[in-house]
Amino acid sequence: MSWTDAYTLIQSLGAGATMYIINDKAEEDNVFNALSSLGVTGTPDIHFWLGLRQIPGLNPDNTTDGGWQWLDGRMLTDELANWSPSEPNDVGTEGTLNVEDGGEDYGQFDFGEIKTWNDMRESNPSGNSWPVFEFTGATRATWGQIDPVTGEDVTFADSEKSVIEITPLE
């Protein structure tokens, strides 16, 4: 499945569904271990898309490792990056290695090296991957209290609404 097809499929699942976005190493380990327990990691034919892509406008120096952004808007940091050796290499449409020509702008994991990442073309028979999706729940709350004398709701000033997100690690 191409990255775009995976993204479209996940969007069709509705609010709260997104492609797999890694927030920290512990989360990455938990997801990898869960997939390993299913027997779908470390194989030459099964790879997984990340919610990570390289955005040309965010890569002013036109480097193979610049401009990588998670779908939630955060930039990929060196601390979180888990590229396979010699990746990202942007083997482009001309087959050029380590030349940023837009050939490989989508992140995938468990490709070649187990539990590491690769940059891949949007659609390539040898690099097509399975989508991994996650769901986050959000709710809105009004912060306040009930006045014990009148029984009326009292809303705290400057704190009318908030969003609570829960993303389990296991």
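The values are calculated or read from the model by the stated rules, or taken from the named source; none is laboratory data. Small disclaimer: the values here were computed from a predicted structure and weren't measured. Please note: Cβ atoms are built from the backbone with ideal geometry, for glycine as well, and neighbour counts cover all protein chains shown. Areas reflect the complete protein model, heavy atoms only, side chains present, ligands, DNA and RNA absent. Shrake-Rupley method; radii C 1.70, N 1.55, O 1.52, S 1.80 Å.
Go through the residues of segment 50-71 one by one and say whether even a single one is part of a strand (DSSP E or B), open to solvent by 30 Å² or more (accessible area, probe 1.4 Å) and charged (D, E, K, R).
Taking segment 50-71 first, the residues part of a strand (DSSP E or B) are 50-54, 68-70.
Retained after the next criterion (residues that are open to solvent by 30 Å² or more (accessible area, probe 1.4 Å)): 53, 69.
Next, only the ones that are charged (D, E, K, R) stay: 53.
Among the residues of segment 50-71, at least one is part of a strand (DSSP E or B), open to solvent by 30 Å² or more (accessible area, probe 1.4 Å) and charged (D, E, K, R), which makes the answer yes.
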Item checked: All positions within segment 1-29 that are in a helix (DSSP H, G or I) and exposed (fewer than 14 other Cβ atoms within 10 Å of the Cβ) -> THR4, THR8, GLN11, LYS25, ALA26, ASP29
Next item on the list: Hey, can you tell me all the residues within segment 30-49 that are open to solvent by less than 50 Å² (accessible area, probe 1.4 Å) and in a loop (DSSP other than H, G, I, E, B)?
Entry: VAL40, THR41, GLY42, THR43, ILE46, HIS47
